[in-house]
1. Go through the stretch 26-34 residue by residue and turn each phi into a ³J(HN,Hα) via Karplus (6.51, -1.76, 1.60, θ = phi - 60°); whole Hz please, and just put x for glycine and proline.
2. Find how much the distance from T133 to K108 grows on full extension, using 0.36 nm per residue of separation minus their present alpha carbon separation; answer in nm with one decimal.
3. Could you check the simple spin-label distance between S465 and K145, using points 7 Å along Cα→Cβ, in nm with one decimal?
4. Starting from the amide H of S229, placed 1.01 Å from N in the peptide plane, find each other amide H under 5 Å away whose residue is 5 or more places distant or on another chain.
5. Extension gain A16-A407, at 0.36 nm per residue separation less the Cα-Cα distance, in nm?
6. For the stretch 280-297, take each phi angle, set θ = phi - 60°, evaluate the Karplus expression 6.51 cos²θ - 1.76 cosθ + 1.60, and give the result in whole Hz per residue in order, putting x for glycine and proline.
7. Obtain the nm distance between the two label points defined at Q207 and S170 by a simple spin-label model: each point lies 7 Å from its Cα along the Cα-to-C-beta direction.
8. Hey, can you rank 420-429, 75-84 by average C-beta count inside 10 Å, highest first?
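The values are calculated or read from the model by the stated rules, or taken from the named source; none is laboratory data. Nothing here was measured: the structure is a model prediction, and the numbers come from that model. Heads up, the Cβs are rebuilt from the backbone with ideal geometry, glycines too, and the neighbour counts pull from every protein chain shown. All accessible areas refer to the heavy atoms of the entire protein, side chains included, with ligands and DNA or RNA removed. Shrake-Rupley method; radii C 1.70, N 1.55, O 1.52, S 1.80 Å.
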Amino acid sequence: MMSNITVCARFRPLSAKERKDSCDSICISSIDSESFIFKDEKDECTYSFDKVFYEESKQADVYEFLALPIVKDAVKGVNGTIITYGQTGAGKTYSVEGPSILECDVQKKGLLPRVVDGLFECIKSADESTKYTIKLSMVEIYMEKVRDLLDLTKDNIQIKENKEQEILLSGVTEITISDPEGALQSLSTEMNVGSSRSHCIYILTVQLESNTDKRVKTGKVILVDLAGSEKVEKTGAEGKVLEESKTINKSLSALGNVINALTCGPSTRSSHIPFRDSKLTRILQDALGGNSRTALLCCCSPSASNASETLSTIRFGMRAKHIKASPLVSRREDKHAKKHGDISPTKDESCDRILNKLRERLDDEDVKLLEELFILEGLFIDVTSVEDLESAYQDVTSWTISSLQQAVEELIYTVEELKRENKDLKARLADAERFDAMRKKTEDNAGVLLKISGIISFLFSWAGSFSPLKMPS
Ligand SMILES: Nc1ncnc2c1ncn2[C@@H]1O[C@H](COP(=O)(O)OP(=O)(O)OP(=O)(O)O)[C@@H](O)[C@H]1O
């Protein structure tokens, strides 16, 4: 289970274009550092997050709230993930890197350089009985292929899992960094390679080796600058761009499903966490699951011209946060939301709405099946229109197919295991039979020997019954 997820929203300042296009029209207004009002032509709702960072917020504040607890845990051997989500241009890269990775204005440094600084700071003050090594890798996921950003020739990195269930990127370049400056130099040379159509992943691995018993532990901090989350319809994409968008949406939806499955209470959750549904979730598997910390920063534009994308990003964050709660707490959260006038549909209402729509088009049987899926898997759906409904339906279908594929894969694996076990047992049985035959033979031989020795002893006693010949004196 994911032990801890922090969800924050961040609104960047209006861009020059937005200022021009929408005459300064803004779709959000602040209530406090945890809540804001979102407004579009249709609605006006209040949303609450663990923290809301407004346009004047400082990079240092975002780091301290979101990343510092993860950094502190990493030097103790606990994994953590920081994810930035949002449409293209919403401020994800600015939050992760800052205006540029080698930005001289220290105030504007992004999360990544601060995480590197933070790790070295923590190590400096840590106890001296441990030797620390920090390693850095950088990969991007583009069209479901993992590429090494520190060695572009490695453009199809395979994701593996070792016996300890740690996720490994086979053959990925890892550079050992000995100081923050060195790390930033390495990062800056490759920084411009990543594109907004790919997920960019920075992996900082802290290795802790105890000087006393030489035991080695590792803690990872993974920073994920996701690809833009904008809807396909809006971009009017065709051809390659359309394919890119579909792949991005699918992996973002997979991420949502994984977070959902991890954060749902055990009573509503099946044990299946769909990590294998995308490369993104597979890479993050050991940093999202288990005893880890996760922070999600939902980056948004405050402009009315981007209201629908902003709302969609807010909803992604709300789902991650809302579903974290146990049923009891979640009811309390509902009350809290109502108090603030939040009239956005709850997850249950959304599911009901989808089911009703589907009832008009599908057999009762299929609807029932979907209903069970929603309940069992806590599926991750948010619909506001029939188009959304259709894409949600496609998500459900592809999710169902992929989970069936996984079930088949697991069955194939089980069959293979059973076959191996069977072969092993047969070999052992043959050995046992051979052994048994040998034992029987030995017993037979022993019987014969016993008989012979009986005969011999009889012969001796028989021979002894004759009195020795007396020699004439
Ligand atoms: N908090 C902020 N303060 C000042 N400028 C910002 C802030 N956030 C973003 N910007 C500016 O907005 C522009 C777009 O931001 P950014 O490149 O970070 O978006 P993005 O979400 O990473 O987009 P993409 O998905 O294309 O990578 C940049 O010029 C950036 O400098």
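1. After applying 6.51 cos²θ - 1.76 cosθ + 1.60, I find 10, 9, 10, 9, 6, 9, 7, 6, 10 Hz.
2. Full-extension gain reported as 6.3 nm.
3. According to this spin-label approximation, the distance is 10.0 nm.
4. G86, Q87, T88
5. 135.7 nm
6. Once θ is set to phi - 60°, the couplings for the stretch 280-297 become 4, 5, 5, 5, 7, 3, 7, 9, 9, x, x, 8, 9, 10, 10, 10, 10, 10 Hz.
7. The two pseudo-label positions are separated by 2.1 nm.
8. Per-residue Cβ counts within 10 Å, averaged per peptide and sorted highest first, yield 75-84, 420-429.
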